[in-house]
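Everything below concerns the one structure shown next.
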Number of protein chains: 2
Amino acid sequence: MITLAPEEADFLRRARIAHLATASADGTPHVVPVCFVYDGRHLFTAIDGKPKRVPRGNLRRVRNLRENPRVSLIVDHYEEEWSRLRYVLLAGRGEIVDAGPDWGHAWELLRQKYPQYRAMREVGSGPIIRILPERVASWQAGRDWVS
Amino acid sequence: MITLAPEEADFLRRARIAHLATASADGTPHVVPVCFVYDGRHLFTAIDGKPKRVPRGNLRRVRNLRENPRVSLIVDHYEEEWSRLRYVLLAGRGEIVDAGPDWGHAWELLRQKYPQYRAMREVGSGPIIRILPERVASWQAGRDWVS
């Protein structure tokens, strides 16, 4: 477990979206946008939606995590004024959680942060990806590059 | 080479930012936000900025591409009205290009699309990542999940 600087934690908590990269055992990367919460220790993101053609367990991110738990997750701010660009990049490990206290805790936080989940109860019962950050790199325009 | 549907190509061309995932030879993923252009065949993104602590050649994405050319790149639209979420996800191969016709072509397109590059000539001379898409998956809220 790592501790983020207060401004990093605040940036994560205010963000509405992150991008999560996983990789298969043979090293093929895969990136998806995710809604997420951060509780000061883990990040949680739901395997949500109403998959029709692809059962949840066959989603690429789920298959990848079963083969290879390593993840990269970025929260970034883009605007046309490039002097205000910013990101927080986390490296860590992800695992699927589909029951137990952390699963309920994650869904509670997701419903608090995203009213959309409160309005769509049918998607609020799926598995969660629990991410434990192991390294953090932050960058703001005008400061040093770190990644 | 694959051909994108006109609405996919249009979505890529209008987007200001994408997220690019690479992976090291041992399968550790890495994701960064990138400005990019699409010329109907390749995507190009600059290895830009003014790295101080990390020389360009040591950037994680560059080291990863030298070890493992596979990339995943996503362009997505997020808003609080989740019925308007959308993405185009590309899988393909990336390589570093630091001279030649494609390098000049890429910088020309980047300067056309991003006035910021025209104003920052000192960053407009770095290497380019040239990405050849091999597979595309598109998703819009209300349609089927594909990834």
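The values are calculated or read from the model by the stated rules, or taken from the named source; none is laboratory data. Keep in mind the model is a prediction, meaning the values are calculated, not measured. Here the Cβ is made from the backbone with ideal geometry for all residues, glycine too, and neighbour counts use every protein chain on show.
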Q | Where residue A:68 falls short, out of the listed (1) surrounded by fewer than 23 Cβ atoms within 10 Å (Cβ to Cβ); (2) within 28 Å of residue B:136 (Cα to Cα); (3) under 14 Å from the mean Cα position of the chain (by Cα); (4) not hydrophobic (A, V, I, L, M, F, W, C) | A | (3)
Q) Identify, please: which residue in the range B:15-43 is at the interface with chain A (Cβ under 7 Å from one of its Cβ atoms) and in a loop (DSSP other than H, G, I, E, B) and is, among those, nearest to the chain's Cα centre (by Cα)? A) B:17
Q: Report yes if some residue within the range A:91-110 is modelled with pLDDT of 95 or more, at the interface with chain B (Cβ under 9 Å from one of its Cβ atoms) and part of a strand (DSSP E or B); otherwise report no.
A: yes
Q: State the number of residues belonging to the range B:127-144 that are touching a helix residue (DSSP H, G or I) at 6+ places or on another chain (Cβ under 9 Å) and modelled with pLDDT under 90.
A: 2
Q) Just one of B:21, B:25 is surrounded by fewer than 18 Cβ atoms within 10 Å (Cβ to Cβ), at pLDDT 95 or above and of a type in the set (A, V, I, L, M, F, W, C); which is it? A) B:25
(Q) If a residue must be more than 9 Å from chain B (Cβ to nearest Cβ) and either closer than 23 Å to residue B:75 by Cα or modelled with pLDDT of 95 or more (or both), how many such residues does the range A:57-76 contain? (A) 7
